[in-house]
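Please read the structure below before turning to the comments.
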Amino acid sequence: MQTTPVFKDATPREVRIMQFWIGSNIAVILFCASWLIYYFTVAGLSLPYLMAALLAGYFLADFSSGAVHWAMDTWFDERTMGRAIAITREHHTHPDHIYGFLENASFGSAPSAVAFGCAAIVTASCPFSFVTWTLMLLWLISSVCLLFGMHFHNLAHKPARSAVMRLAQRLHLVCPPAHHWVHHHNHTIHYCVVNGWANYVCDGLGVWRALECVIAPITGIVPRADDSAWQRNYRETGVLSAPRRRGQ
């Protein structure tokens, strides 16, 4: 039985790519934070409104983590996206395998830098209002949470050592292990890993299945075909397969 991560060794090119996306996401975070600070006194938001906006941002961050997780589990394969997808496939067969900061931070940073970076630029280009200030706050919270998205994910794999973090898990402010473990019994649900709030909405309304019903006929791609192949191979061989990486 494999006891250490199979894909722990990254090529210099892969390291540079991860560093680029992490740096890009941090740049988005700094841009959003600077803009919010600059306009904070002008916004004049009340404390109840600000708290509601923070909660909305935390919900959006959880939904965003689920969207990234769902996309990587459902549509992509190791041949087209390389090591990132290989690690996610390994996680479904060996959830105890933990990677380092670069891998963890880059998973969420790449989509965050693109999506929330573009959203922040558009928002900053609009005339200032309490709406644009609120939107920028949502982008900030989501980009920060996606930077640490895999750290939230890893916390959901074991009870936290810190009493404060254990309380946060019990209050569902951080995704608790029992909630996330549902995903490892059924890989078609419970994709959201920051706090799990969005899972109740997305799974209850069938959001991911509805999207798959739209995307699959258009692209001709079978949802989760690659993930199913990895898991089937593991069941048949008893060991985690490590397909040849691109360029080898």
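With the checklist (1) surrounded by fewer than 20 Cβ atoms within 10 Å (Cβ to Cβ); (2) more than 27 Å from N233 (Cβ to Cβ); (3) polar (S, T, N, Q) in hand, flag the one item N25 doesn't pass.
Result: N25 passes all but (1).
What are the residues in the range 28-51 that are surrounded by 14 or more Cβ atoms within 10 Å (Cβ to Cβ) and under 20 Å from the mean Cα position of the chain (by Cα), if any?
Result: V28, I29, C32.
Among the residues of the range 77-93, which ones are outside any helix (DSSP H, G or I) and more than 18 Å from A10 (Cβ to Cβ)?
D77
Within the range 96-104, is even one residue within 27 Å of Q19 (Cα to Cα), at pLDDT below 90 and of a type in the set (D, E, K, R)?
Yes, some residue in the range 96-104 is within 27 Å of Q19 (Cα to Cα), at pLDDT below 90 and of a type in the set (D, E, K, R).
Any idea which of T134, T93, T123 is surrounded by 18 or more Cβ atoms within 10 Å (Cβ to Cβ), under 17 Å from N25 (Cα atoms) and not basic (K, R)?
T123
Scan the helices (runs of 4 or more DSSP H) fully inside the range 135-213 and keep the ones with 2 or more residues being under 15 Å from the mean Cα position of the chain (by Cα).
So the answer is 149-155, 177-185, 197-205.
Which members of the range 161-177 meet the condition of being surrounded by fewer than 17 Cβ atoms within 10 Å (Cβ to Cβ), closer than 23 Å to G100 by Cα and among the hydrophobic types (A, V, I, L, M, F, W, C)?
M165
Kindly indicate whether V193 is under 27 Å from H92 (Cβ atoms), free of Cβ contacts under 8 Å to residues at least 60 places away in the same chain and buried (at least 16 other Cβ atoms within 10 Å of the Cβ).
no
When you check Y58 against the structure, is it outside any helix (DSSP H, G or I) and either out of contact with any Gly (no Cβ under 6 Å at 6 or more places or on another chain) or modelled with pLDDT of 95 or more (or both), yes or no?
Against the criterion (outside any helix (DSSP H, G or I) and either out of contact with any Gly (no Cβ under 6 Å at 6 or more places or on another chain) or modelled with pLDDT of 95 or more (or both)), Y58 does not qualify.
The values are calculated or read from the model by the stated rules, or taken from the named source; none is laboratory data. The model shown is predicted, which means the values in this text are computed figures rather than measured ones. When we count neighbours, we look across all protein chains shown, and the Cβ atoms used for this are built from the backbone with ideal geometry, even at glycine.
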